[in-house]
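Here the structure is laid out as structure tokens; the discussion comes afterwards.
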Amino acid sequence: MSPIVIQVIQFFLSLSLLIVLHELGHFIPAKIFKTRVEKFYLFFDIKFSLFKKKIGETVYGIGWLPLGGYVKIAGMIDESMDTEAMKEEPKEWEFRSKPAWQRLIIMLGGVTVNFILAVIIYVGLAFAYGDEYVPADSLKDGFLVTEKTLGDKLGVQTGDKIIAVDGNKIEAFRNILPEIVYGETMTVVRDGKSFEQDIPVDFIATLSEDKDKVRFLSYRLPFIIKDVAEGSVNKDVDFQPFDEVIKVNGTTVAYVDQVKPILEANKGKEIVLTVKRKSGDIVDLKAQVSDEATIGVHIGGLTMQQYAEMGYFDIKTKEYDFLESIPAGVDKGISTLGNYIKGMKKIFNPDTGAYKEVGGFAAIGGLFPESWNWPVFWNTTAFISIILAFMNILPIPALDGGHVAFLLYEMVTGRKPSDKFLEYAQMIGFFILIALLLFANGNDVYKWLFK
């Protein structure tokens, strides 16, 4: 099965689950408050349905247009735009006949379920898998900047450590880049001294220019020989697996990034490599440097745990029992939502260029792994659930947040907006959503064609 097909399957599985549970968040309180629900649909059923069945007073079905889903609540201006029904006298079982506080709970049900679902998933992941990470401050001699242009733009260099963003300590090295994207200032340690560095306001746009270079911060690793490449000019040199290069032409080196400049300076020449054998013996070996500044060997081959045992960084493992996993999941949900809100603020600031990164269905589908990986699938599903919760609470008339805004206005002023006003607001909201949908998916198409 191709990677794209696997991603598509995961996307629709995740989306279907989230839509059904979101709509269930409206459905349950509506039923509790004895409000009639006429339809409960996964996807939209414009003109026809793929499946439908009436149970009691509600028609349950699956539409053919996978742009979301809906519950049609009687006596409510919603996606159906059933204005004829609104012309009749209100019935006691209709949405419009219920007290404002009940209508507010019904409307908040979907986003509430989305956030709670994300937290439940994070709790489950913490309990089942724990958390293994490299502490950001444990890197022996800082991190490696693999793309100098990005490093220069950010104001960091190989050997630095970023220990905090916006004053918040970074625990895991893997979190540095996400925090930088959302942050404004960072605390950098260089040569044992710390200083504050502003994060360029348009750095997220700089990253988006080349997706292949996004992971430009990496671990500094030693030059450890795995094996000799086939056809290597140095095939007769006594290289042995796990030889660690500690000197080149008498210059002490500890990392690959220190070896590469020396090889560049000695293209086509013979050099002396001082290696430390697995046995502990120190041996000098003569090797020829190619015109491409290589010596014809493969490097690496060690596990992260082995590098940690050699002292290059630490690896911490947090394991949670069930009770401990609950606050861990809640914290993860809150921090994920907080970071997403920070990201949205950048999108609405043209100076950041973040609007270029707004994506549609292709971008969301690309979040899923290209092979089945259940922890990654559930983590991605939780993240999308957070996105749905936030996007749906925005005060756009066609979204839950629009209904909530009008209900809060009614509760504060004691005046209910007219049905005609709500109809017009719903239509305007639809135009806004369509524009956003076209923009987001248009970005996907543009990136596919030109990047």
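The values are calculated or read from the model by the stated rules, or taken from the named source; none is laboratory data. Note that this is a predicted model, so its numbers are computed, not measured. Don't worry about glycine lacking a Cβ; one is built from the backbone with ideal geometry, like all the others, and counts go over all protein chains shown. SASA here: full protein model, heavy atoms, side chains in, ligands and nucleic acids out. Shrake-Rupley method; radii C 1.70, N 1.55, O 1.52, S 1.80 Å.
Summary table
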{"read-out": "Near pairs, Cβ below 6 angstrom, 6+ apart or cross-chain, from the stretch 56-79 (more than 19 Å from Asp419 (Cβ to Cβ) and open to solvent by 10 Å² or more (accessible area, probe 1.4 Å)) to any residue that is at pLDDT below 85 and among the aliphatic types (A, V, I, L, M)", "value": "Leu65/Ile46"}
{"read-out": "So Val119, is it modelled with pLDDT of 95 or more and farther than 22 Å from Gly402 by Cα", "value": "yes"}
{"read-out": "Pairs, first part of a loop (DSSP other than H, G, I, E, B) in the stretch 201-230, second open to solvent by 30 Å² or more (accessible area, probe 1.4 Å) and at pLDDT below 80, C-beta under 7 Å, six or more apart", "value": "Val201/Asp351; Asp202/Asp351"}
{"read-out": "Hey, Ala440 under 19 Å from Met76 (Cα atoms) and surrounded by 15 or more Cβ atoms within 10 Å (Cβ to Cβ) or not", "value": "no"}
{"read-out": "Leading residue by the ranking (farthest from Leu221 (Cα to Cα)) among those in the stretch 148-171 that are in contact (Cβ under 8 Å) with a residue 40 or more places away in the chain and surrounded by fewer than 17 Cβ atoms within 10 Å (Cβ to Cβ)", "value": "Lys153"}
{"read-out": "Test: residue in the stretch 212-228 that is closer than 30 Å to Asp444 by Cα and basic (Lys, Arg)", "value": "yes"}
{"read-out": "Flag for Lys286 being over 24 Å from Ile120 (Cβ atoms), loosely packed, with under 12 Cβ neighbours inside 10 Å and not β-branched (Val, Ile, Thr)", "value": "yes"}
{"read-out": "Enumeration of residues in the stretch 293-305 that are over 27 Å from Ala126 (Cβ atoms) and not in a loop (DSSP other than H, G, I, E, B)", "value": "Val297, His298, Ile299"}
{"read-out": "Matching residues, the stretch 117-147, being buried (at least 20 other Cβ atoms within 10 Å of the Cβ) and in a helix (DSSP H, G or I)", "value": "Leu117, Ala118, Val119, Ile121, Tyr122, Val123, Leu125, Ala126, Ala136"}
{"read-out": "Residue tally, condition closer than 21 Å to Met76 by Cα and either among the aliphatic types (A, V, I, L, M) or in contact with a Ser or Thr (Cβ under 7 Å, 6 or more places away or on another chain) (or both), over the stretch 8-38", "value": "10"}
{"read-out": "Some residue of the stretch 417-427 being in contact with an Asp or Glu (Cβ under 9 Å, 6 or more places away or on another chain), free of Cβ contacts under 8 Å to residues at least 24 places away in the same chain and assigned to a loop (DSSP other than H, G, I, E, B)", "value": "yes"}
{"read-out": "Residue in the stretch 417-430 that is closer than 25 Å to Asp166 by Cβ and surrounded by fewer than 20 Cβ atoms within 10 Å (Cβ to Cβ) present", "value": "no"}
{"read-out": "Counted residues, the stretch 361-382 - those being open to solvent by 60 Å² or more (accessible area, probe 1.4 Å) and within 26 Å of Tyr446 (Cβ to Cβ)", "value": "4"}
{"read-out": "Selection from the stretch 98-115 of residues that are in a helix (DSSP H, G or I) and open to solvent by 40 Å² or more (accessible area, probe 1.4 Å)", "value": "Trp101, Ile105, Leu108, Thr112, Val113, Phe115"}
{"read-out": "Every pair of residues 6+ apart whose Cβ atoms lie under 7 Å, when the first sits in the stretch 363-376 and is modelled with pLDDT of 90 or more while the second is among the aromatic types (Phe, Trp, Tyr) and surrounded by 12 or more Cβ atoms within 10 Å (Cβ to Cβ)", "value": "Pro375/Tyr129"}
{"read-out": "Residue count, the stretch 5-37 (criterion: among the β-branched types (Val, Ile, Thr), in a helix (DSSP H, G or I) and touching a residue at least 40 places away in the same chain (Cβ under 8 Å))", "value": "5"}
{"read-out": "The one condition in (1) touching a residue at least 12 places away in the same chain (Cβ under 8 Å); (2) crowded, with 17+ Cβ neighbours inside 10 Å that Met391 fails to fulfil", "value": "(1)"}
{"read-out": "Residue in the stretch 306-324 that is surrounded by 12 or more Cβ atoms within 10 Å (Cβ to Cβ) and either part of a strand (DSSP E or B) or in contact with a His (Cβ under 7 Å, 6 or more places away or on another chain) (or both) present", "value": "yes"}
{"read-out": "Qualifying residue in the stretch 205-215 (condition: under 23 Å from Tyr255 (Cβ atoms) and open to solvent by less than 50 Å² (accessible area, probe 1.4 Å))", "value": "yes"}
{"read-out": "Boolean, Ile180 is buried (at least 16 other Cβ atoms within 10 Å of the Cβ), within 20 Å of Val358 (Cα to Cα) and in contact (Cβ under 8 Å) with a residue 12 or more places away in the chain", "value": "yes"}
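Quick grid of which residues meet (1) of a type in the set (S, T, N, Q); (2) touching a residue at least 60 places away in the same chain (Cβ under 8 Å); (3) surrounded by 13 or more Cβ atoms within 10 Å (Cβ to Cβ); (4) assigned to a loop (DSSP other than H, G, I, E, B):
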{"position": "Asp236", "(1), (2), (3), (4)": "no, no, no, yes"}
{"position": "Val245", "(1), (2), (3), (4)": "no, no, yes, no"}
{"position": "Val259", "(1), (2), (3), (4)": "no, no, yes, no"}
{"position": "Ile262", "(1), (2), (3), (4)": "no, no, yes, no"}
{"position": "Asp291", "(1), (2), (3), (4)": "no, no, no, yes"}
{"position": "Pro327", "(1), (2), (3), (4)": "no, no, no, no"}
{"position": "Lys346", "(1), (2), (3), (4)": "no, yes, yes, no"}
